[in-house]
1. Just to check I understand the Karplus step: with θ = phi - 60° and J = 6.51 cos²θ - 1.76 cosθ + 1.60, what whole-Hz values come out for segment 117-132, glycine and proline as x?
2. For LEU66 paired with LYS135, estimate the spin-label separation in nm (one decimal), with each label point 7 Å from Cα along the Cα-to-Cβ line.
3. Return a single number: how many Lys pairs in segment 13-335, at a sequence separation of 8 or more or on separate chains, have alpha-carbon atoms below 28 angstrom apart.
4. In nm, what is the difference between 0.36 nm times the number of residues separating LEU165 and VAL84 and their Cα-Cα distance?
5. Using Cα atoms only, what is the angle between the long axis of helix 49-66 and the major principal axis of the chain, expressed in degrees (0 to 90) to the nearest 10?
6. If we sort 278-289, 13-24, 59-70 on the protection proxy, mean other Cβ atoms within 10 Å, highest first, what's the order?
7. Determine by what factor the alpha-carbon radius of gyration of the chain differs from 2.2 N^0.38 Å, reporting the quotient.
8. Rounded, prolate or oblate: which fits segment 107-164, taking a ≥ b ≥ c as square roots of the Cα gyration tensor eigenvalues, rounded meaning a/c under 1.5, else prolate when a/b beats b/c?
Amino acid sequence: MTESVIWVTEIPLSIVPLLALALSFDFLNGFHDSSNIVATMIASRALSGRQALAIVAIAEFIGPFLFGVAVATTLGNEVLNLKVITLSATLAALGAAVAWNIFTWWLGIPSSSSHALVGGLIGAAVVESGLEVVKLAGLGKVLLALVISPPLGFFVGYRVMKLVLYLARDAHPNINYFFKRIQIVTAITLALSHGTNDAQKTMGVITMGLVAAGFLPSFQVPLWVIGISATAIALGTWFGGWRLIRTLGGKFYKIRPIHGFTTQITSATVILGAALLGGPVSTTQVVSSAIMGIGSAERVSKVRWGVAGQIVTAWLTTIPAAAVMAAGIALVLKQAGF
């Protein structure tokens with residue numbers, strides 16, 4: 001702990017832009033993704049918006065301290081060659097990811113912060129150092145996690161909903177009260193998994209930048225990096241992305257307590273499992289897919305597939321859009337001699 005505090009006080013000014021952009025991304029990630037965790041709970045009237053966001057923000061802060069740094073290591077050390085990556089490329093990637101998050105938040109589209117960051121890292125690094133900077137095995141691991149997690153969320157959500165409907169087939173209508181109250185527990189579990197997976201992405205990029213700047217001799221996530229990343233994502237969650245909460249909480253179909261409960265169980269299982277395996281997944285994708293799978297388990301026509309199509313389009317465009325934006329920023333920084 002003492003060593004970590006000393007490192008914080010010794011941060012050179014050249015690192016300040018990296019920390020500012022990374023923590024802005026982390027804050028926006030929490031702001032953006034709070035909708036994924038609380039939307040169904042609010043829509044089903046389990047808790048008020050502020051109550052839900054407060055509970056979830058606390059769990060988001062705790063999560064990164066509990067489950068290791070496997071995702072941070074994957075994203076920060078296994079995708080790009082740290083021997084040639086530059087600080088300016090890291091800044092360009094973060095700048096593009098932040099810009100994309102703000103843009104999609106403004107439009108109310110629950111796009112993927114993870115996709116934006118991965119696209120930004122690839123676009124900026126390739127422009128600055130060429131294709132050889134990319135570690136294909138690590139990139140494949142990241143893309144595999146991002147590609148598999150949405151259909152997995154849909155499938156698990158579908159099966160969980162079928163199981164819950166079967167178990168509750170003869171239950172009294174008062175079971176809805178149970179589903180409302182139990183969402184407090186499942187939401188905390190989902191928030192712990194989200195804080196674990198998503199805050200680690202920021203930790204990985206900060207540590208990558210610290211290595212690129214020569215501030216760290218090798219990739220090892222400092223305790224103070226875990227602390228500031230956990231704080232930023234928790235604060236972002238507390239302030240909440242209300243535009244996105246409305247999209248996920250009501251535009252697919254009318255959310256009832258049983259949907260909130262099953263969505264949170266499904267999403268927490270997929271996200272935490274991926275985090276423990278070191279796979280960075282998109283919380284937005286997993287939760288959205290789970291909502292669609294759960295709705296389909298009752299009736300396929302129940303889901304408003306037009307809204308789902310708009311979100312899928314955002315998923316498909318995020319990585320290339322962020323890559324192009326990051327490449328442009330990297331070129332500007334290069335011309336400026338940064």
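Rule-based calculations on the coordinates, nothing more; no lab input. Worth saying up front: this structure is predicted, and the values here are computed from it rather than measured. A quick note on method: Cβ atoms are made from the backbone with ideal geometry, for glycine too, and the neighbour counts reach across all protein chains shown.
1. The phi angles translate into 5, 4, x, x, 4, 5, x, 5, 5, 5, 4, 7, 10, x, 5, 5 Hz.
2. Modelled inter-label distance: 2.8 nm.
3. 17
4. On the way: separation 81, 0.36 × 81 = 29.16 nm, distance 5.38 nm.
The LEU165-VAL84 span can extend by a further 23.8 nm.
5. Taking the Cα atoms of the chain, the angle to 49-66 is about 50 degrees.
6. Working: 278-289: 27.9, 13-24: 17.0, 59-70: 20.7.
Ranking the peptides 278-289, 13-24, 59-70 by packing returns 278-289, 59-70, 13-24.
7. With N residues counted in the chain, Rg over 2.2 N^0.38 Å equals 0.98.
8. Values: a/c = 6.76, a/b = 2.09, b/c = 3.24.
The shape class here is oblate.
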